[in-house]
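K.L.:
One structure, as structure tokens, below. Some questions next.
The values are calculated or read from the model by the stated rules, or taken from the named source; none is laboratory data. These numbers were taken from a predicted model, which means no experiment stands behind them. Because the Cβ atoms are built from the backbone with ideal geometry, glycine has one as well, and the counts that use them run over all protein chains shown.
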């Protein structure tokens, strides 16, 4: 039986990094969007008060 | 849902690495099959298929929810196909003796990855939501037309890539223990796909709402620019 375990270990690490990285990117983009939503909402409230 | 999907994929990794027998001829490198094949199947048939169906329906119904489904599925599909293009060479090197060969299956897979990468770049380049949705629906449908060619490429051309061992008219050519690991792997990656598309769709809803609000309420600088100078 050929000794080639290093290749499957590398493949599993690569897959974990790609999927994990994408999940992190979704979490970061979601947080940014929520922050923008909050600041937009606060700006709207302040503008309404000013009027 | 995403947490459950991640745990399921983790369980698949553990089963594939520690509780699935090593294939006699290929050695441990064959275990790459449990991430390569499900990622390819879901990326090509499910993700890009969904892009095409949602694209056609968008062109017919002009419902922006369909555009969001297509965009989310395309992005997640590109992630799945990136894993396919990374794990394939890592499997090819010990078995074929080469990282890459320009045969029909591999070249078309790389080509469809570039097409859908272009799809994402196109979406980022167009500001008008209607134009963006229309152009990307057309590109998505045209890109997905490659999928049947990729499936048939191993039958139509001489290629190093093996014939399908699961998706074929006769019985799958795998022993039961390996088939069970593949079934778990396929289910967990499908769950991951659904969870990622759902998360990406929710992000798209928030971003679209913000963009719509920005468009309705111009910034003070834009308002000043719009005012006529007397």
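K.L.:
May I ask you to list the residues in the stretch A:1-18 that are at the interface with another protein chain (Cβ under 7 Å from one of its Cβ atoms) and either part of a helix (DSSP H, G or I) or in contact with a helix residue (DSSP H, G or I) (Cβ under 7 Å, 6 or more places away or on another chain) (or both)? Can you show your working first?
P.N.:
Taking the stretch A:1-18 first, the residues at the interface with another protein chain (Cβ under 7 Å from one of its Cβ atoms) are A:1-5, A:7-8, A:10-12, A:14-15, A:18.
Selection gives A:2, A:4, A:5, A:7, A:8, A:10, A:11, A:12, A:14, A:15, A:18.
K.L.:
Would you mind stating whether residue B:113 is at pLDDT below 95 and touching a helix residue (DSSP H, G or I) at 6+ places or on another chain (Cβ under 9 Å)? Break it down stepwise before answering.
P.N.:
Values: at pLDDT below 95: no; touching a helix residue (DSSP H, G or I) at 6+ places or on another chain (Cβ under 9 Å): yes.
So residue B:113 fails the test.
K.L.:
Taking the stated definitions as given, is residue B:41 within 12 Å of chain A (Cβ to nearest Cβ) and in a helix (DSSP H, G or I)?
P.N.:
Numbers: within 12 Å of chain A (Cβ to nearest Cβ): no; in a helix (DSSP H, G or I): yes.
Against the criterion (within 12 Å of chain A (Cβ to nearest Cβ) and in a helix (DSSP H, G or I)), residue B:41 does not qualify.
K.L.:
Moving on. Answer with yes or no whether residue B:59 is part of a helix (DSSP H, G or I), free of Cβ contacts under 8 Å to residues at least 12 places away in the same chain and within 19 Å of residue B:116 (Cβ to Cβ).
P.N.:
Details: part of a helix (DSSP H, G or I): yes; free of Cβ contacts under 8 Å to residues at least 12 places away in the same chain: no; within 19 Å of residue B:116 (Cβ to Cβ): yes.
In short, no.
K.L.:
Could you check the stretch B:66-97 and list, in sequence order, the residues that are away from chain A (no Cβ under 11 Å) and modelled with pLDDT under 95?
P.N.:
If we filter the stretch B:66-97 for residues that are away from chain A (no Cβ under 11 Å), which is where we start, we get B:66-71, B:73-74, B:77, B:96-97.
Answer for the stretch B:66-97, where residues must be away from chain A (no Cβ under 11 Å) and modelled with pLDDT under 95: B:96, B:97.
K.L.:
Taking the residues in the stretch B:22-36 that are in contact with a helix residue (DSSP H, G or I) (Cβ under 7 Å, 6 or more places away or on another chain) and more than 8 Å from chain A (Cβ to nearest Cβ) as candidates, determine which candidate is surrounded by the most Cβ atoms within 10 Å (Cβ to Cβ).
P.N.:
Per the stated criteria, the residue is B:34.
K.L.:
Continuing with the same structure: Yes or no: the stretch B:45-52 includes at least one residue that is within 14 Å of another protein chain (Cβ to nearest Cβ) and within 19 Å of residue B:144 (Cβ to Cβ).
P.N.:
Narrowing the stretch B:45-52 to residues within 14 Å of another protein chain (Cβ to nearest Cβ): B:47.
If we keep only those that are within 19 Å of residue B:144 (Cβ to Cβ) too, we end up with B:47.
Checked against the condition, which is being within 14 Å of another protein chain (Cβ to nearest Cβ) and within 19 Å of residue B:144 (Cβ to Cβ), the stretch B:45-52 yields at least one hit.
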